[in-house]
Amino acid sequence: MPYVNEHSCRIADPKRFKLFRRHNNEEEHEGLPVDVVYGITRGKAAIQSLRYKTDYWSEEEAYEHCKSRGGMFEPARPHLFPTRSYASLAQERYGPPYRRLHTKTHRRAKNR
């Protein structure tokens, strides 16, 4: 599955594992951080995949590192997922944020 902000390197098939745990900046390669996703089964953990943040890694650098680790590389795909804010998604679903509940204005009755 392509990710928006990170390149991915699959080391092992995720179907082999029951649980997953991610450690951000777990490894470093030439000063660049590498996030590691561990797969856990029967109490034993193994590296399932590596993630490379696009803020630090170019596609070519991430590909070369993944290849050296024997993984299957998948580049980030930011154009597949449009960036939208939570407010715009909420407005699309629920309507304008300050929708008027009452259309008539109510006046207080004067005591005579």
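The values are calculated or read from the model by the stated rules, or taken from the named source; none is laboratory data. Computed from a prediction, not measured in an experiment: that's the story for all the values here. Here the Cβ positions follow ideal geometry from the backbone for every residue, glycine too, while neighbour counts run over all protein chains shown.
The table below lists the values:
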quantity: Residues that are among the basic types (Lys, Arg) and farther than 17 Å from Arg51 by Cα, drawn from region 6-20; calculated: Lys15, Arg16, Lys18
quantity: Condition check for Ala12: touching a Gly at 6+ places or on another chain (Cβ under 8 Å), hydrophobic (A, V, I, L, M, F, W, C) and in a loop (DSSP other than H, G, I, E, B); calculated: yes
quantity: Condition met for Arg51 (in contact with a Phe, Trp or Tyr (Cβ under 7 Å, 6 or more places away or on another chain), touching a residue at least 24 places away in the same chain (Cβ under 8 Å) and assigned to a strand (DSSP E or B)); calculated: no
quantity: Tabulated pairs, region 26-42, first under 21 Å from Asp13 (Cβ atoms), second part of a loop (DSSP other than H, G, I, E, B) and aromatic (Phe, Trp, Tyr), C-beta under 8 angstrom, 6+ apart or interchain; calculated: Gly39/Phe17; Ile40/Phe17; Thr41/Phe17
quantity: Identity of the residue in region 5-43, in contact with a Pro (Cβ under 7 Å, 6 or more places away or on another chain) and over 18 Å from Tyr63 (Cβ atoms), that ends up surrounded by the most Cβ atoms within 10 Å (Cβ to Cβ); calculated: Gly39
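Yes or no, residue by residue, for (1) over 23 Å from Cys9 (Cα atoms); (2) in contact with a helix residue (DSSP H, G or I) (Cβ under 8 Å, 6 or more places away or on another chain); (3) at pLDDT below 65; (4) part of a helix (DSSP H, G or I):
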residue	(1), (2), (3), (4)
Ala46	no, no, no, no
Tyr56	no, no, no, no
Glu60	no, no, no, yes
Thr83	yes, no, yes, no
Leu89	yes, no, yes, yes
Arg99	yes, no, yes, no
His106	yes, no, yes, no
